[in-house]
Amino acid sequence: MDLAPGLEFEREVFLLETQLAELEKQTDRTPEAEETIRRLRGEVNDALRALYSNLDPWQTVQVARHKNRPYTRDYLNLAFDEFVELHGDKHFGDDRALLSGFAKIDRFKVMIVGHHKGRTYKERAASHFGCAHPEGYRKVMSKMRLAEKYKLPLICLIDTPGAYPGIGAEERGQAQVIAESMFKMSRLQTPVICVVIGEGGSGGALGIGVGDRVAVLEHAYYSVISPEGCAGILWKSHQYAPKAAAALRFTSRDLRGLGVVDDVLPEPLGGAHRDHRQMAACLKSYLTRTLTQLEAKPIDELVDERYEKFRRIGQFIEEPVAPAAAS
Amino acid sequence: MATVDNPSSSASSNLDAVNGSSSAAENGAENGSATSPKKRGVPEGLWIKCPGCSASVYRKEVERRANVCPKCEHHFYVSARERIAQVLDEGTFEPMDEHLRPTDPLEFADRKRYSERLLSEQRRTGLTDAAITGTGMIRARRVAFAVTDSAFIMGSMGSVVGERLTRLIEWATRENMPLIIISGSGGGARMHEGILSLMQMAKVSAALARYDQAGGLFISVLTNPTMGGVAASFASLGDLVFAEPKALIGFAGPRTIKATIGIELPEGFQTSEFLLEHGYIDRIVTRKNLKSEIARAIDYCGK
């Protein structure tokens with residue numbers, strides 16, 4: 001495992017892990033060293049369990065943004081058997097923040113689309129850290145059409161801070177493409193599974209988020225606005241981001257409680273960034289299980305249920321109507 | 001660009017998108033409620049200064065012209081109720097779903113509790129939430145009609161706005177009725193109801209997709225401002241999209257964009273005219289002509 005300091009709240013675990021890694025490097029270990037290793041392993045696991053079973057919302061955001069967190073490309077490598085990238089939006093350009101293509105997973109041939117933040121500096125610069133432009137949404141909409149036409153189930157991996165806010169993005173219709181994508185996904189005549197793997201950043205996330213099943217990884221978050229953005233507007237300073245994070249109720253547990261997601265996928269001990277393989281295996285088993293369920297349903301029924309699922313979301317008070325109180 | 005050089009700023013500055021320009025607007029609303037309750041409308045006083053041309057114009061004259069400046073055609077704010085009076089035939093409007101009331105599902109509190117904010121907004125505007133929906137006649141053509149009022153928490157969409165619009169669209173689908181939605185929202189998706197607000201975008205868009213499939217005619221009218229999650233859902237999904245002149249329309253708020261890219265925004269950026277030039281709206285329609293333009297479009301579409 002690649003040890004990277006990063007999360008402030010993990011400092012103690014990091015020190016233990018560093019110590020452990022040092023000892024594990026030694027080739028001939030004394031019985032005492034073996035004993036220390038065992039003890040340290042136990043301590044690391046206990047510390048991680050204590051931390052991760054009780055992350056506060058702001059810590060969750062930091063885990064969801066962790067630079068070692070598995071991205072769409074990692075899942076393509078680890079959970080899928082093949083990925084054939086399809087680039088063209090046939091309008092303007094190839095947005096590197098949204099990837100799309102044919103993929104195989106278990107016995108299924110699927111269409112996959114996903115935000116990709118990028119691991120290297122070059123990739124991250126090209127993808128604007130996973131913030132898609134309108135051409136990205138146009139690209140994935142064209143792949144959705146293809147999936148519908150050839151009866152390929154659609155899998156959407158969501159991981160974006162938000163759709164890109166820039167001059168070109170506005171000129172090319174950022175608001176319009178996100179609206180259009182939701183509009184089309186809601187009636188797409190093929191099964192659709194959406195999984196928030198890291199950051200579910202508002203409209204940019206929802207633009208590929210209308211599915212028969214919507215799942216979220218345990219330490220991912222899905223929000224109407226970033227905690228920094230919310231703090232800037234309502235508390236007048238980004239410093240209040242941890243407060244905003246708590247107020248927005250966007251952790252996996254909250255999302256399920258609010259009826260916004262169907263499933264929460266457990267992460268490996270200490271978060272997905274500690275064990276990409278295990279996380280990918282969990283995602284793979286979720287996807288194949290869900291694909292099996294969805295393919296058994298007639299498509300009309302599936303699309304009606306998809307409508308009803310989103311139709312139910314929202315909370316309000318319905319006051320009794322007096323018989324003659326029409327106006 | 002700034003974000004490329006500075007990863008941490010990209011994470012934080014990028015995200016206000018669905019909430020559009022709510023920060024600037026929020027300030028306006030709050031100051032408005034603190035100082036004068038009518039600040040967002042035509043200002044009090046016999047003479048008012050037009051923000052479009054800086055001329056002093058006679059208030060009565062502005063009101064007589066549907067809140068449009070007689071000198072420069074600047075379109076002032078109009079409330080949802082005034083809008084109904086301007087667009088629908090007199091006495092024909094029948095509201096729907098007035099009995100839906102907002103609640104506070106997250107028990108959200110910033111510097112003020114959301115539940116208190118709702119009460120004060122309701123008192124200030126006389127509205128129960130930011131959208132009024134119902135049916136009425138436009139030059140004797142019956143329509144399903146909705147209008148959002150940008151004075152109520154920035155015209156932002158929470159559960160009640162989403163539910164009222166969805167019920168209206170479903171009703172219009174069943175009744176095979178043309179649908180007119182006049183949008184004014186600086187706030188986009190309402191932060192105070194968190195993810196539930198975001199999901200209203202999907203809910204309303206899905207209802208519009210069904211309406212579209214059933215052959216319904218949807219005319220979307222964009223007014224100043226239409227931003228964020230409202231622009232990125234129903235407001236952009238019209239078969240026909242009209243906009244009032246010089247309205248601010250876009251996804252990300254200008255301040256967010258400026259903070260992200262670090263350069264001055266071009267003159268006229270995100271205005272109705274900018275959107276027309278880039279191919280995203282069908283017609284810019286002055287307020288005076290809105291009613292007749294809608295009626296004519298309905299006739300062309302044979303509805």
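Checked against the criteria, B:Gly186 does not count as crowded, with 24+ Cβ neighbours inside 10 Å and under 13 Å from B:Val161 (Cα atoms). Per the conditions (1) open to solvent by 10 Å² or more (accessible area, probe 1.4 Å); (2) outside any helix (DSSP H, G or I); (3) touching a helix residue (DSSP H, G or I) at 6+ places or on another chain (Cβ under 7 Å), the sole criterion not satisfied by A:Arg119 is (3). If the condition is being among the aliphatic types (A, V, I, L, M) and more than 14 Å from the chain's Cα centre (by Cα), then region A:100-133 contributes A:Ala103, A:Ile105, A:Val110, A:Met111, A:Ala125, A:Ala126, A:Ala132. Residues of region B:165-183 being open to solvent by 10 Å² or more (accessible area, probe 1.4 Å) and part of a helix (DSSP H, G or I), which ones? Of everything in region B:165-183, those that are open to solvent by 10 Å² or more (accessible area, probe 1.4 Å) and part of a helix (DSSP H, G or I) turn out to be B:Arg167, B:Glu170, B:Trp171, B:Thr173, B:Arg174, B:Glu175. Summed over region B:133-156, the residues that are open to solvent by less than 10 Å² (accessible area, probe 1.4 Å), under 22 Å from B:Pro178 (Cα atoms) and of a type outside the set (Ser, Thr, Tyr) give a count of 9.
Only one of the numbered conditions (1) open to solvent by 30 Å² or more (accessible area, probe 1.4 Å); (2) at pLDDT below 95 is violated by B:Gly253, and that is (1). Where helices (runs of 4 or more DSSP H) sit wholly within region B:1-119, those with at least 3 residues that are modelled with pLDDT under 90 and over 28 Å from A:Ile313 (Cβ atoms) occupy B:2-5, B:7-13, B:22-34.
Out of B:Ala146, B:Ala151, one residue alone is within 16 Å of the chain's Cα centre (by Cα), among the hydrophobic types (A, V, I, L, M, F, W, C), in a strand (DSSP E or B) and more than 9 Å from chain A (Cβ to nearest Cβ). It is B:Ala146.
Elements of the type strands (runs of 3 or more DSSP E) sitting completely within region A:145-227 and holding at least 3 residues that are within 21 Å of A:Leu86 (Cα to Cα): these cover A:154-160, A:192-201. B:Leu240 falls short on exactly one of the conditions (1) open to solvent by 10 Å² or more (accessible area, probe 1.4 Å); (2) closer than 29 Å to B:Lys288 by Cα; (3) within 12 Å of chain A (Cβ to nearest Cβ), and that condition is (3).
Per the listing A:Asp304, A:Asp262, the residue uniquely more than 12 Å from chain B (Cβ to nearest Cβ) and among the acidic types (Asp, Glu) is A:Asp262. Restricting region B:154-206 to residues that are on the phi > 0 side of the Ramachandran plot and in contact with a strand residue (DSSP E or B) (Cβ under 6 Å, 6 or more places away or on another chain) leaves a set whose member that is farthest from the other protein chains (Cβ to nearest Cβ) is B:Gly155. Among the candidates A:Phe108, A:Phe129, the residue that is among the aromatic types (Phe, Trp, Tyr), buried (at least 16 other Cβ atoms within 10 Å of the Cβ) and more than 20 Å from A:Pro165 (Cβ to Cβ) is uniquely A:Phe108.
The residues on offer are A:Ile178, A:Ile208, and the sole one that is within 10 Å of chain B (Cβ to nearest Cβ) and buried (at least 24 other Cβ atoms within 10 Å of the Cβ) is A:Ile178.
Within the group A:Glu318, A:Glu267, which residue is closer than 30 Å to B:Phe93 by Cβ and either more than 10 Å from every other protein chain (Cβ to nearest Cβ) or open to solvent by 30 Å² or more (accessible area, probe 1.4 Å) (or both)? It is A:Glu318.
The values are calculated or read from the model by the stated rules, or taken from the named source; none is laboratory data. Model, not experiment: these values are computed from the prediction. A quick note on method: Cβ atoms are made from the backbone with ideal geometry, for glycine too, and the neighbour counts reach across all protein chains shown. What goes into the accessible areas is simple: the full protein's heavy atoms, side chains included, and nothing from ligands, DNA or RNA. Shrake-Rupley method; radii C 1.70, N 1.55, O 1.52, S 1.80 Å.
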